[in-house]
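J.: First the structure, then my questions, so here it is.
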Ligand code: NAP
């Protein structure tokens, strides 16, 4: 399917690896020129070089922490006024409800709520003026089914989801759609880290931890960054203009929300 976005400019934050990289790749496949970001320059440059080589699009890299005001300024200075914005950042650490104090909550809110909001506030006005724009925020299954050990993530992403619910409906009339993509368990470094946490906590092997988690997914496997990226690219396509303010769950059926 021609997604109709060849030549558009897309900013994808936190995109040297994992789900952000999956989104960057799929947008490049659709012909978008990219601004990619991550803190570590080495993996970022390697990913950008692979994408340029494979898809022949322009890729600008910005190595910085996007959860800081300075980092946001750097990516926005580089991106100019993108047609497509995909927001992403690392997820907060797991723990017990008693583990976290105010500073931990502020860090989680900065990373997973206030950063995407700042990026949207910077990019959406020009999209509205041009009469076309797409925003996809990478959030989490925890928005629909909060994960007990991810209290910081549950809290911050719930805040972002509420903001998007209202904002998406305020901008839709100008041709700009904002939606959230909710990953269930996907095979990335983040999933490895969570599996290693289970290994330490339960004293089982990594393979056992993975097999146990896979058994909770009706699809019988983890999702891939590639298929996650393709879903993102579709939401960014010309065909998705009537999809507004949705929380789209990609979890292999793990969350049973029948209604
Ligand atoms: P990942 O494999 O660990 O990749 C994270 C990417 O983000 C890397 O490119 C990393 O590069 C970059 N990054 C992290 N913090 C950053 C920051 N402050 N500024 C700029 N770049 C940053 O993670 P993932 O699995 O793709 O997860 C992406 C998001 O989805 C996370 O918020 C995660 O919590 C959420 N999620 C993932 C899953 C899953 O199963 N994978 C499930 C639910 C939710 P650098 O480290 O070099 O900065």
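The values are calculated or read from the model by the stated rules, or taken from the named source; none is laboratory data. Computed from a predicted model, the values in this text were never measured in an experiment. Neighbour counts are summed over all protein chains in view; Cβ atoms, including those assigned to glycine, are modelled from backbone coordinates with ideal geometry.
J.: Check whether at least one residue in the range 195-205 is within 12 Å of the ligand (Cβ to nearest atom) and touching a helix residue (DSSP H, G or I) at 6+ places or on another chain (Cβ under 8 Å), and report yes or no.
T.: Checked against the condition, which is being within 12 Å of the ligand (Cβ to nearest atom) and touching a helix residue (DSSP H, G or I) at 6+ places or on another chain (Cβ under 8 Å), the range 195-205 yields at least one hit.
J.: Something else now. Can you work out which of the residues in the range 7-31 that are touching a residue at least 40 places away in the same chain (Cβ under 8 Å) and part of a loop (DSSP other than H, G, I, E, B) is farthest from the ligand (Cβ to nearest atom)?
T.: Across the range 7-31, the extreme among qualifying residues is 8.
J.: To continue, here is another question. Being surrounded by fewer than 24 Cβ atoms within 10 Å (Cβ to Cβ) and modelled with pLDDT of 95 or more: is that true of residue 34 here?
T.: No; evaluated as a whole, the condition is false for this residue.
J.: Still on this structure: Output yes when any residue across the range 165-176 is buried (at least 21 other Cβ atoms within 10 Å of the Cβ) and within 10 Å of the ligand (Cβ to nearest atom), and no when none is.
T.: No, every residue in the range 165-176 fails to be buried (at least 21 other Cβ atoms within 10 Å of the Cβ) and within 10 Å of the ligand (Cβ to nearest atom).
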